[in-house]
Every structure is written in C-alpha cells, then in structure tokens.
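Visitor: Submitted below is the structure of interest, expressed as structure tokens.
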Amino acid sequence: DQQVKQNSPSLSVQEGRISILNCDYTNSMFDYFLWYKKYPAEGPTFLISISSIKDKNEDGRFTVFLNKSAKHLSLHIVPSQPGDSAVYFCAASSLIQGAQKLVFGQGTRLTINP
Amino acid sequence: KAGVTQTPRYLIKTRGQQVTLSCSPISGHRSVSWYQQTPGQGLQFLFEYFSETQRNKGNFPGRFSGRQFSNSRSEMNVSTLELGDSALYLCASSLRDFPYVSTDTQYFGPGTRLTVL
C-alpha cells in the first residue's frame, strides 16, 4: 500500500527552464509535506515544506504547491540549474498517537541538461 | 552548527552476524528517527525515539531494534543479519518535542551503507 506516489521515475529539463516534479498521496490524515533532494551515497537534504493549511510555499527558486482536494503536491524549480540534477523525494507526515512518521515517495531523478 | 552524523559510513558483515549503527543528532534536537533505503522499497521508516523512549515503529521484524541515550544520541541494532538487510540506513533528527502538537522538519545524516554477504 503505497500512500505516497511519485509516478515519474525520471525527468529531463533544459537548463534555465522550469522543472515540475509531482507527487500524489492517498492518506487524508497527512498534515505536513516535504521535499528532499538526494545525491548518491548521501542522506536526503531538506528543500522545502508545506503545511496542510496552506496551498503554496515559496523559497527562492523553489515553490511547492498543495492541492488537498486532489491529494496532489508539486515542486517547481525556476530557473533550473545543472546543480539541481539529483533524485527528489516527496514525503508526507502525520501524527500517530502523538508521534510523527514520514512516508516517502519512490523518488524522481531530475536531470538538467546544459 | 554541525549536522547529523552517523558512524560508521560503510560496513560489511556476513549473514547471521549482528551490527550496531550510531547516530548523533543536531545539537538541541531531541527526536531521532531511523530509515532504511533500498532500491526496491525506497525509504522506509524504522522507528523514532524521544527522551530515550521509542515513540513510533515501522513494519520491520524484531531483529531491528534501537535505543536512545540521555544526550539524544541513538544507536540502531540489527541481529541475525540477512542478505536483504543490505541497505543505506539513514538517521534523521528534528526539534520536535513530545507530546507533539505538530509535525516538523527532519534533517538527515549521510547514512551508513551496510552490505551483508
């Protein structure tokens, strides 16, 4: 039962253009969503997050959009840079008996082409 | 401020052995969580500790256990290793306080790459 899904295993974007990474979830109890970036043999690096009470959060080149009715969130990177090439994970969080648990998607490998 | 540190970074063991991994959270962070990353299953939650108590546990067998010390450092132990335990084990810490009233960002360490032969 995959509660968080990233349906695109890979995405290729030209440098300077917009990268859009998508994520869908099924559990309506999720109340906090995060995007992480990961390089091989390293731990995930936190990028940006959004609470379920918001529909948009922006931080520099990164914007996360949340559509609760569709149970969908997306990460926009504008403009895309070569250093953005990595695997991106979306994660969803909920409180279970007072404790938190992160559920991750399978990841999308983003490649920025010069 | 130093990030989350994990030791060792790489480990090779044989089937049937046991292993202990260590994690030091970001200074001031009291909540520590452990995750397993494999190519087939992705990132999966193992357990979370706060104030030396396990607060939450994922769907892993009892061979996987952990503990947290009074200085918030945490260890994870896997006994009777199996080939399928080969994975990247990640530790994450956060500022969350218990009982949690909201969720918070978790910051990850570089991971320990465990290979079981």
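The values are calculated or read from the model by the stated rules, or taken from the named source; none is laboratory data. Quick caveat: nothing in here was measured; it's all calculated off a predicted structure. FYI the Cβ positions are ideal-geometry reconstructions off the backbone, even for glycines, and counts take in every protein chain you see.
Visitor: If I filter segment B:42-51 for residues that are aliphatic (A, V, I, L, M) and at the interface with chain A (Cβ under 8 Å from one of its Cβ atoms), do I get at least one hit?
Guide: Yes.
Visitor: Provide a single number: the residues in segment B:53-88 that are over 28 Å from B:L117 (Cβ atoms), part of a strand (DSSP E or B) and modelled with pLDDT of 95 or more.
Guide: Adding up the residues that qualify gives 1.
Visitor: Moving on. Run down B:S70, B:S79 and say which single residue is free of Cβ contacts under 8 Å to residues at least 40 places away in the same chain, polar (S, T, N, Q) and over 27 Å from A:G107 (Cα atoms).
Guide: B:S70
Visitor: Mind telling me which of the residues A:I77, A:I112 ends up being away from chain B (no Cβ under 12 Å) and touching a Phe, Trp or Tyr at 6+ places or on another chain (Cβ under 9 Å)?
Guide: Values: A:I112 fails: touching a Phe, Trp or Tyr at 6+ places or on another chain (Cβ under 9 Å).
So the residue among A:I77, A:I112 that is away from chain B (no Cβ under 12 Å) and touching a Phe, Trp or Tyr at 6+ places or on another chain (Cβ under 9 Å) is A:I77.
Visitor: To continue, here is another question. Determine which member of the set A:G107, A:G43, A:G60 is at positive phi, out of contact with any Lys or Arg (no Cβ under 6 Å at 6 or more places or on another chain) and within 13 Å of chain B (Cβ to nearest Cβ).
Guide: So the residue among A:G107, A:G43, A:G60 that is at positive phi, out of contact with any Lys or Arg (no Cβ under 6 Å at 6 or more places or on another chain) and within 13 Å of chain B (Cβ to nearest Cβ) is A:G107.
Visitor: Could you list all residues from segment B:35-85 that are among the hydroxyl-bearing types (S, T, Y), surrounded by fewer than 17 Cβ atoms within 10 Å (Cβ to Cβ) and under 19 Å from A:G43 (Cβ atoms)?
Guide: B:T38
Visitor: Given (1) buried (at least 18 other Cβ atoms within 10 Å of the Cβ); (2) touching a residue at least 12 places away in the same chain (Cβ under 8 Å), identify the lone condition not met by A:Q100.
Guide: Looking at each condition in turn, A:Q100 falls short on (2).
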